[in-house]
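Chemist: Mind having a look at this structure? Questions to follow.
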């Protein structure tokens, strides 16, 4: 009887741990490995390198191609409700599905995917695999090349929640001192100062270098560990508090095209619970706008070369 009781306590503990982690914004590689065959969990890859999924992915996972599935192919915008809904239905996602997103490049585009899910009302169902593909591969965990098939659902998405998205006019109001929000530029120090227009090896998309006035610079990598996992909530909170950001007023995050800033958005909103919007227009939009203020301490000038 004692042996049975101990076994019951052990199994109950595992179930409680799994349930607790499923309710958090992050899941560990170990938790995910234990839940790969859980029919209520759907794993989805969202990687910068859209071909990496075919070369090997977490067993049973689906794929969202950010070039196609998360954007409008004509307008510079996120996917329409109808298009996104149809894609999620084909991935077997329903209103009760726990959705675990992961990807390469420290989950940049997986976090962007999480933001799009949030805009369409599924934010509470979405988790990030802490450490993403980088950690999964480093641990030598299994990958497969088979393409999974899913039972199509009848999921219905609500209309977009535009309160989760900062637009150009919102950011300009902050730059001109008309709106009391914190602006966080998560790009590198050289991008922020105006020394460079874009990261090395990345296509230049803006005509001006620098940053939006009043923004503070907290590069996205500041809040992650060497293995790609997020630092603890207390550590993340302290990093932003040192920059005067403590959750007492709304925050807007931005980067170059909106994907790296989603990583910071996820940390601030989902992990710390702050009021945060992502500006997906980011520096590509703002840095090309006519007649708006910028700060460029390096004085770099675009020459067209």
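Chemist: What is the helix-to-structure angle for 81-90, meaning the angle in degrees between its Cα long axis and the longest Cα principal axis of the chain, kept from 0 to 90 and rounded to the nearest 10?
Modeler: Taking the Cα atoms of the chain, the angle to 81-90 is about 30 degrees.
Chemist: Follow-up question, since we're still on this one. Hey, for a label at residue 138 modelled as a point 7 Å past Cα toward Cβ, could you say which residues of segment 83-123 have their backbone N under 11 Å away?
Modeler: 106
Chemist: While we're on this one: Could you rank the peptides 104-113, 240-249 by their average count of other C-beta atoms within 10 Å per residue, with the highest value first?
Modeler: Details: 104-113: 25.4, 240-249: 13.8.
Top to bottom by mean Cβ count within 10 Å: 104-113, 240-249.
Chemist: Where is the GNM fluctuation largest for the chain (alpha-carbon springs, 10 angstrom cutoff): 42, 160, 256?
Modeler: 160
Chemist: Could you check what % of the DSSP bridge pairs in segment 22-165 are antiparallel, to the nearest 5? Each step should come with its number before you reach the end.
Modeler: Numbers: 2 of 14 bridges.
Expressed as a percentage, antiparallel bridges in segment 22-165 total about 15.
Chemist: When averaged across all projection directions, what area in nm² does the alpha-carbon convex hull of segment 209-305 cover?
Modeler: Numbers: hull surface 29.9 nm².
Convex hull of Cα atoms, orientation-averaged projection: 7.5 nm².
Chemist: Moving on to the next point. Using alpha carbons only, how many degrees (0 to 90, rounded to 10) separate the axis of helix 2-22 from the longest principal axis of the chain?
Modeler: With both axes taken from Cα atoms, the answer is about 20 degrees.
Chemist: For the chain, what's the relative contact order in percent, using C-alpha pairs closer than 8 Å and at least 6 residues apart?
Modeler: Values: 547 pairs, mean separation 53.8, N = 305.
The value is 18 percent.
Chemist: Just order 227-239, 257-269 by mean Cβ neighbour count inside 10 Å, highest at the front, would you?
Modeler: Numbers: 227-239: 15.4, 257-269: 26.3.
Per-residue mean Cβ counts within 10 Å order the peptides as 257-269, 227-239.
Chemist: Extension gain residue 38-residue 156, at 0.36 nm per residue separation less the Cα-Cα distance, in nm? Write down the numbers at each step before the final one.
Modeler: Values: separation 118, 0.36 × 118 = 42.48 nm, distance 2.24 nm.
Taking residue 38 through residue 156 to full extension adds about 40.2 nm, to one decimal.
Chemist: Moving on. Could you work out which residue, out of 202, 174, 292, moves most in a Gaussian network model of the chain, that is, has the largest mean-square fluctuation with Cα springs under 10 Å?
Modeler: 202
Chemist: Further, regarding this structure: So how far apart, in nm, are the two label points at residue 147 and residue 95 if each is 7 Å from Cα heading toward Cβ?
Modeler: Reported label-point gap for residue 147 and residue 95 is 3.1 nm.
Chemist: Right, here's the next one. Over the Cα atoms of segment 24-161, how large are the radius of gyration and the largest Cα-Cα distance (Dmax), in Å?
Modeler: Gyration radius and largest Cα-Cα distance of segment 24-161: 13.9, 41 Å.
Chemist: Still on this structure, please answer the following. Determine the distance separating the Cα centre of segment 64-139 from the Cα centre of segment 246-262; give it in Å without decimals.
Modeler: 18
Chemist: If packing is taken as the average count of other Cβ atoms within 10 Å, what order do 279-289, 90-100 fall into, highest mean first? Before the final figure, lay out each step's value.
Modeler: Numbers: 279-289: 21.7, 90-100: 18.0.
Ranking the peptides 279-289, 90-100 by packing returns 279-289, 90-100.
Chemist: Enter the angle in degrees (range 0 to 90, nearest 10) between the Cα long axis of helix 108-119 and the first principal axis of the Cα atoms of the chain, meaning the one along which they spread out most.
Modeler: That works out to roughly 90 degrees.
Chemist: What's the Cα-based Rg to Rh of the chain, Rh via Kirkwood?
Modeler: Working: Rg = 20.4 Å, Rh = 20.4 Å.
Result: Rg/Rh = 1.00.
Here, each number is a calculation from the coordinates, and none is a lab measurement. The structure presented is a predicted model; accordingly, all values stated were derived computationally and were not measured. Cβ: placed from backbone, ideal geometry, glycine included. Neighbour counts: every protein chain shown.
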